[in-house]
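What follows is one structure encoded as structure tokens, with my remarks underneath.
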Amino acid sequence: MIASHGVMGWSSGPAQKAKAFEEADDYCKKLGKQMQPINSSETDGGFGKIAAGEVDFRCVAPDAPTR
């Protein structure tokens, strides 16, 4: 799982989720594999709340079947 958190008032939940997806993809590429998402979520920021996004994923071989 990778989670990403913004700075209060300067980001959105979808932007943070996209950042988490990019980090997960980069991590798997470093291993010579592809990122396969399992689950993801996002929370928008607001008064006293910081925007966040996360992705649960696995790294699979490039030729592995998708589920």
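The values are calculated or read from the model by the stated rules, or taken from the named source; none is laboratory data. On a predicted model such as this, the values are computed, not experimentally measured, just so you know. So basically every Cβ, Gly included, is an ideal-geometry build from the backbone, and we count neighbours across all protein chains shown. Just the protein is used for accessible areas: all its heavy atoms, side chains included, with ligands, DNA and RNA removed. Shrake-Rupley method; radii C 1.70, N 1.55, O 1.52, S 1.80 Å.
Please name all residue pairs, on different chains or six or more residues apart, with Cβ atoms under 9 Å, provided the first residue is in region 52-64 and is without any contact (Cβ under 8 Å) to a residue 24 or more places away in the chain and the second residue is crowded, with 19+ Cβ neighbours inside 10 Å.
ARG58/MET35
For region 20-67, name all the residues that are hydrophobic (A, V, I, L, M, F, W, C), closer than 23 Å to VAL7 by Cβ and part of a loop (DSSP other than H, G, I, E, B).
The answer is PHE47, ILE50, ALA51.
Restricting attention to region 34-50, report how many residues are surrounded by 14 or more Cβ atoms within 10 Å (Cβ to Cβ) and either of a type in the set (Lys, Arg) or over 13 Å from the mean Cα position of the chain (by Cα) (or both).
4
Is at least one residue of region 11-31 open to solvent by 90 Å² or more (accessible area, probe 1.4 Å), of a type outside the set (Phe, Trp, Tyr) and farther than 14 Å from CYS59 by Cα? First the steps, then the outcome.
Here is the first cut: in region 11-31, the ones open to solvent by 90 Å² or more (accessible area, probe 1.4 Å) are 19, 22, 27, 29-31.
Going one step further and asking which of them are of a type outside the set (Phe, Trp, Tyr), we end up with 19, 22, 29-31.
Subsequent filtering for residues that are farther than 14 Å from CYS59 by Cα retains 19.
Scanning region 11-31 turns up at least one residue that is open to solvent by 90 Å² or more (accessible area, probe 1.4 Å), of a type outside the set (Phe, Trp, Tyr) and farther than 14 Å from CYS59 by Cα.
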